[in-house]
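Worksheet: the structure to be examined is printed underneath.
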Amino acid sequence: MAWHGRAWRASSAAFTRCTRSASSWSDVVTTAKKVVASDGAEASMTRDPLEVVGQDLSSLRHNIATLLGSGHPSLDRIAKYYFAAEGKHVRPMIVLLMCKATNGLSATWHTQRAAAVGEHVDIPMTRASVLNDANPSAAHPHAPVAAAPRTTPYVPTLQSTILPTQRRLAEITEMIHVASLLHDDVIDESPLRRGAPSAPSSFGNKLSILGGDFLLGRASIALARLRDPEVTELMSTVIANLVEGEVMQLKSMASDQVPVTDVQSARPSAEVMERFWHAYDQAPAGRDDAPSAALFEFYLQKTYLKTASLMAKSARSATVLGGCGTWSNQLASMTADERASAAAVCDAAYTFGRNVGISFQLVDDLLDFHATTEAFGKPSGGADLKLGLATAPVLYAWQQYPDSNLGTLVQRRFAQPGDVEQALALVHKSDGLSRTAALARYHADTAQQALLTLPPSDARAALEKLNHQIITRAR
């Protein structure tokens, strides 16, 4: 029920041709919707993600609440504060959909499924007198129940199994994300979050920071109880990546640029740099009033670390828990082809999450120049500029107009009166928005291509639909 590769490539090519002439993000969104609607056959193949995992998501907030209890009332309130509001839950949705799209694809699925059922994700490995972990909201765990091995061939369908460990992974993913929101709102001094007073506005900075730390602690406990070292390694590095990305954002001045790593997977590819930066770079080499390629690369690496890493590694972790992991399959009785197939599933999940995450952030950066506070649920209309951040639309505008004073505004982080208004005007005058939209579309296309590694299913079609929704969203 998924879009066929040729149909997707045709619609993608049509979209790319249209976005080259689009003058604003609203034009790009309209174009995207027209391209998809123009082929009813392909559009009808997609499924609403909520049709596939809506019931699973409905219990997410309740389940997370049982993990976050504290004997201290203030800490208990702030830990659960952002979960009281209805969020998009994009990250756990990706995890759950990826589980349904890939469970059963590994030769070790029967063993993995039998080992993962029951409620053992709540059972501690250390006696209570040593843990001293008081959680009045915790559910009372029961002994795990073994499942009978599956005897029929696996066919991905709407009803495919999600293991308890994978459900807990989705919850951990959202906990890590919300912890980062608590910290971000302190750093950004944001008064709003999801249309309501932010945690710092309601509880103060100190308690907000401690609340985020507490969430990360609870997420770490839950992660350990998945009892999978590969997943623990993946998700632990996400926390480090979030901090690294935040520090890069704070140090975004040209003189402060220190890339976190030279590992290529954390940096934009040579193709991205050539197509979306160098192809437009007409400034003479060494000109110091034009943005450098290194500045653009720095921005995209920060985007991966701060946003895409969580989506990429949680999606990969979902497939690891389903039996496709490299570490868990080292001693398994599998043929070379079966190992290669399982590894391809893991890689496809990671590639999808990485590129969806980058396109998600690029669209966020676009919406900051268009969306209103009411629609976005947080301060918008140049909020990033007010924080001193030069995102892709600004860098593109600066590259297009190096003789303007935009470089000066970027260097002083739009700190003087009138700087934000000048930068907004230059961005809207330039091709910065349409070029950022084209880059977001490129990453969405790459995510879609990764999904074609997986067999057709309702869940894969829902991931395709989610990918499309991210690139065309208005909030």
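The values are calculated or read from the model by the stated rules, or taken from the named source; none is laboratory data. These numbers come from a predicted model, not from an experiment. Here Cβ is always computed from backbone atoms with ideal geometry, including for glycine, and neighbour counts include all displayed protein chains. Calculation scope for accessible area: heavy atoms of the full protein, side chains included, ligands and nucleic acids excluded. Shrake-Rupley method; radii C 1.70, N 1.55, O 1.52, S 1.80 Å.
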* Only listed residue being of a type in the set (S, T, N, Q) and touching a strand residue (DSSP E or B) at 6+ places or on another chain (Cβ under 9 Å), chosen from Ser190, Ser180, Ser208, Ser201 -> Ser201
* **Breaking point among (1) open to solvent by less than 60 Å² (accessible area, probe 1.4 Å); (2) assigned to a helix (DSSP H, G or I); (3) farther than 17 Å from Ser292 by Cβ, for Phe414** => (2)
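Residue by residue, here is whether (1) surrounded by 21 or more Cβ atoms within 10 Å (Cβ to Cβ); (2) at pLDDT below 90; (3) in a helix (DSSP H, G or I) holds:
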{"position": "Leu57", "(1), (2), (3)": "no, no, yes"}
{"position": "Asn63", "(1), (2), (3)": "no, no, yes"}
{"position": "Gly71", "(1), (2), (3)": "no, no, no"}
{"position": "Ala79", "(1), (2), (3)": "yes, no, yes"}
{"position": "Lys88", "(1), (2), (3)": "no, yes, no"}
{"position": "Arg91", "(1), (2), (3)": "yes, no, yes"}
{"position": "Leu96", "(1), (2), (3)": "yes, no, yes"}
{"position": "Cys99", "(1), (2), (3)": "yes, no, yes"}
{"position": "His110", "(1), (2), (3)": "no, yes, yes"}
* Which one of these does Glu119 not meet: (1) at pLDDT below 90; (2) within 21 Å of the chain's Cα centre (by Cα); (3) not aliphatic (A, V, I, L, M)? -> (2)
* Structure fact -> Here the qualifying pairs (Cβ atoms under 7 Å; residues six or more apart or on different chains; first in segment 328-340 and over 18 Å from Asp228 (Cβ atoms); second not β-branched (Val, Ile, Thr)) come out as Glu338/Ala107
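Let's see how each residue does on (1) part of a helix (DSSP H, G or I); (2) without any contact (Cβ under 8 Å) to a residue 12 or more places away in the chain:
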{"position": "Leu385", "(1), (2)": "yes, no"}
{"position": "Gln399", "(1), (2)": "yes, no"}
{"position": "Asp403", "(1), (2)": "no, no"}
{"position": "Thr408", "(1), (2)": "yes, yes"}
{"position": "Leu424", "(1), (2)": "yes, no"}
{"position": "Ser434", "(1), (2)": "yes, no"}
{"position": "Gln449", "(1), (2)": "yes, no"}
{"position": "Glu464", "(1), (2)": "yes, no"}
* Scan (1) in a helix (DSSP H, G or I); (2) surrounded by fewer than 22 Cβ atoms within 10 Å (Cβ to Cβ) for the single condition Ala474 breaks and write down its number. => (1)
* Asked: How many of the residues in segment 44-55 are part of a helix (DSSP H, G or I), buried (at least 16 other Cβ atoms within 10 Å of the Cβ) and either at pLDDT below 90 or touching a Phe, Trp or Tyr at 6+ places or on another chain (Cβ under 6 Å) (or both)?
  -> 1
* For the subset of segment 185-233 comprising residues that are under 30 Å from Leu321 (Cα atoms) and acidic (Asp, Glu), which member is surrounded by the fewest Cβ atoms within 10 Å (Cβ to Cβ)? -> Glu233
* **Selection from segment 421-449 of residues that are open to solvent by 10 Å² or more (accessible area, probe 1.4 Å) and over 25 Å from Asp384 (Cα atoms)** => Asp445, Thr446, Gln449
* Asked: Considering only residues of segment 156-171 that are surrounded by 10 or more Cβ atoms within 10 Å (Cβ to Cβ) and part of a loop (DSSP other than H, G, I, E, B), which is modelled with the lowest pLDDT?
  -> Leu158
* **Criterion (open to solvent by 70 Å² or more (accessible area, probe 1.4 Å), at pLDDT below 90, assigned to a loop (DSSP other than H, G, I, E, B) and touching a helix residue (DSSP H, G or I) at 6+ places or on another chain (Cβ under 9 Å)) met by exactly one of Ala138, Ala143** => Ala143
* Filter segment 122-135 down to the residues that are surrounded by 10 or more Cβ atoms within 10 Å (Cβ to Cβ) and either assigned to a helix (DSSP H, G or I) or in contact with a strand residue (DSSP E or B) (Cβ under 8 Å, 6 or more places away or on another chain) (or both), then identify the one that is modelled with the lowest pLDDT. => Asp122
